[in-house]
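Undergrad: I am attaching a structure below and will ask some questions about it afterwards.
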Amino acid sequence: MTPIRLASATIIAAVILAAACSSPTYDLVIANGRVMDPESGLDAVRHVGITGGKIVTISERALKGTRVVDATGLVVAPGFIDLHEHGQNEESYGLMVRDGVTSALEIEVGTGDIANWYAEREKGQIVNYGASIGHIKARMQVLHDPGTALLPAGVGGSGIASDAQQAEMEAILRRGLAEGAVAVGFGSAYTPGANMAEMERMFRVAGGGGANCNRVPVPSRRTGRSPRSRSAARSSSTFAIAFTRGLRRARAPSSPATWPPRRSRRHRPSGRNRSARR
Ligand SMILES: [Zn+2]
């Protein structure tokens, strides 16, 4: 080899070595997974480089990572958003993550006390979470429903609310929105006593607060009434949510002892909650 060729070969080798040395090391690499990105339409085996909690690159070539997860044979996708999730506890959140759900929202039934609902989760949860201020729950409170579970057991669902009682419900919804509710929740199949006049008053509260109304059955074109049966309500439901209204970000539980979740009486595995779609 002539001196010139030897020098050229040395330079090329040096450049290759420098390039290899300068390839970054990511905090986390998810390698060999089938990356599916609905936004770009990408659906192919790729390597995902993550640094500082953000995706920095999606590469066809192998990447270096401080931590590498081999996702061969698995799908890598954005986290799923569950808009109708009544299982709002640590144990359920843990199961959701295993299903790919990273945001869990209780926006149908919702809650009657937004401040307390968020306070109960303030120590940190592993998924994003949020709740609506619920018309059903407001009704149960105002009409003194005997039920203590998710849905009305009597008058809270079937009772006719007076003008003053509807005003009380409006106040509950307004307070919930002020406290950070992500929407106003409805389930008129469970509140057959609520006529359209009552519903419209509640819609106005939602509109005044810039919030969506979630799971609102569309009145029948033929009768002008809300669907009464559960199936009819489901089939005509509209789903919408204002994510900008204060969805709480996931963060690691403050105490390692809280994860994995305790098998306490309070957080007993709730298969019914996890799977039931009421
Ligand atoms: Zn439900």
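The values are calculated or read from the model by the stated rules, or taken from the named source; none is laboratory data. As the structure is a computational prediction, the values presented were derived from the model and not from experiment. Cβ placement follows ideal geometry from the backbone for every residue including glycine, while neighbour counts extend to all protein chains displayed.
Undergrad: Give me a count of the residues in the range 80-94 that are under 9 Å from the mean Cα position of the chain (by Cα) and more than 16 Å from the ligand (Cβ to nearest atom).
TA: 1
Undergrad: Scan (1) away from the ligand (no atom under 16 Å from the Cβ); (2) closer than 27 Å to ARG175 by Cβ for the single condition ALA104 breaks and write down its number.
TA: Condition not satisfied by ALA104: (1).
Undergrad: Follow-up question, since we're still on this one. Pairs only if they're at least six apart or on different chains, beta carbon under 8 angstrom, first in the range 92-114 and over 21 Å from ASN212 (Cβ atoms), second crowded, with 20+ Cβ neighbours inside 10 Å and at pLDDT below 90; list them, first residue then second.
TA: TYR93/GLN125
Undergrad: Residues PRO146, PRO152: which one is farther than 30 Å from VAL97 by Cβ, touching a residue at least 12 places away in the same chain (Cβ under 8 Å) and part of a loop (DSSP other than H, G, I, E, B)?
TA: PRO152
Undergrad: Every residue in the range 153-181 that is β-branched (Val, Ile, Thr) and buried (at least 16 other Cβ atoms within 10 Å of the Cβ), please.
TA: VAL155, ILE172
Undergrad: Would you point out the residue of the range 38-86, among those that are charged (D, E, K, R) and buried (at least 16 other Cβ atoms within 10 Å of the Cβ), that is farthest from ASN212 (Cα to Cα)?
TA: Across the range 38-86, the extreme among qualifying residues is ARG46.
Undergrad: Condition (residue is away from the ligand (no atom under 16 Å from the Cβ), crowded, with 23+ Cβ neighbours inside 10 Å, assigned to a helix (DSSP H, G or I) and at pLDDT 95 or above) applied to the range 130-137: is it met by at least one residue?
TA: Within the range 130-137 (the criterion being away from the ligand (no atom under 16 Å from the Cβ), crowded, with 23+ Cβ neighbours inside 10 Å, assigned to a helix (DSSP H, G or I) and at pLDDT 95 or above), the answer is no, since none of the residues qualifies.
Undergrad: Within 16 Å of the ligand (Cβ to nearest atom), within 17 Å of GLY187 (Cα to Cα) and more than 15 Å from the chain's Cα centre (by Cα), is that true of ALA149?
TA: yes
Undergrad: Hey, does the range 111-129 have a residue that's of a type in the set (S, T, N, Q) and within 16 Å of the ligand (Cβ to nearest atom)?
TA: Yes, the conditions are met somewhere in the range 111-129.
Undergrad: Any idea which of VAL69, VAL97 is away from the ligand (no atom under 16 Å from the Cβ), assigned to a helix (DSSP H, G or I) and closer than 21 Å to GLY49 by Cα?
TA: VAL97
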